[in-house]
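Working notes, structure below.
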Amino acid sequence: MHRMTPAERVAAMLRIRRFEEQCIALHKSGQLLGHYHVYIGQEATAVAACAALGAEDFIFTTWRNHGHLLARGADPERMLAEILGRANGYAGGKSGTLHLAVRELGIPGTSALVGGSLPLSVGSALACKRRGSGITAAFFGDAGLEEGATYEAMLVAAAWQVPILFICENNSVPREQRKRGQWTSSTLTAARLADVPSSLQVPVHEVDGADIDAMQECFDRVVAEIRGGGGPRFVEVRCTRWPGNSMPWPALPGGEWLLGWAHGGQPDDADMAGWMPSDPLARYLQKQIEAGSMERKQIEAIDARAKAEMAEAVRAALDSPFPAPGEAYKHVWTERRQAQ
Amino acid sequence: MKISFAEGLAKAIYESLAANPSVVLIGGSIVGLNMAARKFMEPVVREFSARMMVTPVSELALAGAGIGAAMCGQRPLVDLGTGSFVYQAFAQVANEAANVHYMSGGQTSAPVTFYCLAGIRGTGAAQHSQRTQAMLGQVPGLQVLVPGGAEDAYGLMKWALLESDDPTVFISHPLLFGETSEFAPDAPMLPVGKARIRLEGRDLSIIASSVTVPRALAAAATLEREHRISAEVVDLRSIVPLDRDTVLQSVAKTGRAVIADECHRSYGVAAEIAATLAEEGLASLLRRVTVPDVPIPFSKPLEDELIVTADKIVAAALQLRGR
């Protein structure tokens, strides 16, 4: 567990946001190929959850993994190199954005199938229990609860009482607010998402994904309970979907996110203006300014560093070589098997 | 000394648990409902019950938990029960386990073993008689072991649990449990990926695996006794890796091949062997003895109509010899 200062939290959230903006720009310019998913609007969840975890813990994530990796300490240059299919990406260009993983950071593998990581994370938690240290955190979206694998995984976790934290990042849009053509949202017929784990006797919590302080308090407490042998826990993080996620490819409604929007300015884009009160980054910045714990200049300096870091990561990733075609045959089997 | 197939499995599991504390059993119904074989599992249950995870009926999550535990340092054996239930777990076995090492660019491996008590066992009907080795063989990254004898049941299981760093599907067969073979505890195992010549012969090769191995041996005995035909029996032992070299050498020597395989005829293991022979110019004299492309029925005369028998292997061999 790491107690983050306000400046560290702001930096962590801004780094994710500026990274994702670069992905959108790279896609627009035709350099990022394939489908991809950004974490804008959910940054506080990854930052708070990762601050509650320790180095020996494992994390399982999904196709929407950039924020989790960055919050865990992954190198943006190697992430971008991977996302662009380059040889010095974390998987040498084999995973792209969908399966980004960094073993040395306790993120051993990433499934891009809805609910696919949940059974894996339960096994990881079993490994933690058997070795007697660490816990596993599994991030997934609300749609994950529509998969049978997720129910089975929670059942097995509850039956085995393994140390696992299920973090359901609910960014679904209520049916009545959905727009034509908007990405699908949860159609789970349970009254609350938490009813599913509750029915399996897994303790549940619901937190506001726009309130990093509330999340930090929740994650710290729940992680301590799990470490104490309390078995699995389920946290539903209620996020309000960022408007840029509402079409087949992410876009930036109103352009690059502006610090001024956290200082009383209003985006021209109506959707963005409507979403701003739900933006965890803007909310946190406003809170710090009102409390006098951070100054505007300090925030601007942090943002300038985040922007510069990500611009440099993009430049380095674009300069990286593509893998040699023969690399396609490597890593089907482990070296031990190949040596036979 | 002689051991049985079921005894070999239980012995391998016991010794693996004793040898490496990372080995963990997720489910433990390795010998199914076979009461005679269950006594072999008694030492495992007695000494290692703390490492046998009690499991809900959740094949998908149990397979995934085995993979996830393997990704984080454990060496699990996941018992999927009746082999047909691998379909329940297929998303995790085929789309997760097989891809872990590749997708992570070699960062992570998943040394998990999925145990499937598979095959046409009598009265299993359509949903409990599946042979999925050919389908699983289509998934790069999965090792598929198909022992046809007791010494290989022991050796391959022990190898999967203690030596392999890659995910493995272990295809067992209830009708093999009583098969016995000579067993020397300290003898090194024939390496994985090497086929075993069960019987040397001159006139034709019978390529077999799993339950068709004893049937091929029975057919070879009949061919020798009644027709003076000397058959060579090649036991593949594993579908992935597949020992193409030994198959090619045997058929190059004998000039004829009968491929006996319990998968469905189309796109099966036999089809892959036949294609391998064809590409090397050895296809002119071969026959496949396989299960027709129909589901497996319950009633005995209906099931008997479809299964690969020693008689059918003999008939195919006689055809090839022009008799």
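Sorting A:Tyr329, A:Tyr36, A:Tyr90 from the fewest to the most surrounding beta carbons within 10 angstrom yields A:Tyr329, A:Tyr36, A:Tyr90.
Taking a sphere under 12 Å around the Cβ of B:Thr309 and counting the other residues whose Cβ falls inside, with K and R at +1 and D and E at -1, yields a net charge of -3. For B:Ser205, the residues 5 or more places off, or on other chains, whose built amide H falls under 5 Å of its own are B:Glu232, B:Arg256, B:Ala257, B:Val258. Peptide A:107-116 has a mean of 6 when you count, residue by residue, the C-beta atoms of other protein chains within 10 Å of its C-beta. 3J(HN,Hα) along the range A:71-86, derived from phi through the Karplus expression 6.51 cos²θ - 1.76 cosθ + 1.60 where θ = phi - 60°, amounts to 5, 7, x, 5, 7, x, 5, 5, 5, 5, 4, 5, 4, 8, x, 9 Hz, with x in place of Gly and Pro. In chain B, excluding the sites themselves, the longest stretch lacking any of the chymotrypsin sites (Phe, Trp or Tyr not before Pro) that are in a DSSP loop with at most 14 other Cβ atoms within 10 Å is B:1-266.
222 nm [θ] for chain B, helices only, -39500 (n - 2.57) per DSSP H run of 4+, per residue, to 500?
On the way: 13 runs with 123 residues, N = 323.
After summing the helix terms and dividing by the residues of chain B, the value is -11000 deg cm²/dmol.
Quick check: Cα centre of the range A:1-56 to Cα centre of the range A:199-273, how many Å? One Cα centre to the other: 12 Å.
Using the crude model of +1 on Lys and Arg Cβ and -1 on Asp and Glu Cβ, and no other charge, please compute the dipole size for the protein assembly as shown relative to its Cα centre, in debye to 20.
It works out to roughly 1000 debye.
Could you identify which residue out of A:Ser293, A:Ser124, A:Ser172 has the top mean-square fluctuation in a GNM of chain A using Cα springs shorter than 10 Å? The residue that fluctuates most here is A:Ser293. Per-residue Cβ neighbour counts within 10 Å put A:Leu200, B:Leu60 in the sequence A:Leu200, B:Leu60, beginning with the fewest. Summing charges over all other residues whose Cβ lies under 12 Å from the Cβ of A:Ala157, with Lys and Arg as +1 and Asp and Glu as -1, gives +1. Distance from the alpha carbon centroid of the range B:37-65 to that of the range A:286-340 works out to 43 angstrom. Residues in the range A:98-112 carry Karplus couplings, in order, of 5, 10, 3, 8, 9, 4, 5, 9, x, 10, x, x, 10, 8, 9 Hz; the curve used is 6.51 cos²θ - 1.76 cosθ + 1.60 with θ = phi - 60°, and Gly or Pro positions show x. Comparing B:Pro147, B:Pro297, B:Pro214 in a Gaussian network model of chain B (Cα springs below 10 Å), the most mobile by mean-square fluctuation is B:Pro297.
Among the helices of chain B (complete DSSP H runs), which have Cα atoms covering no less than 20 Å along the helix axis and a Kyte-Doolittle mean of at least -0.5?
B:5-19, B:212-227
Look at A:His263, B:His264, A:His2 and count the other Cβ atoms within 10 Å of each Cβ; fewest to most, that gives A:His2, A:His263, B:His264.
Read the figures in this text as sums done on the coordinates, not as results from a lab. All values reported here derive from a predicted model rather than from experimental measurement. For neighbour counting, all protein chains shown are included, and Cβ atoms are generated from backbone atoms with ideal geometry for every residue, glycine included.
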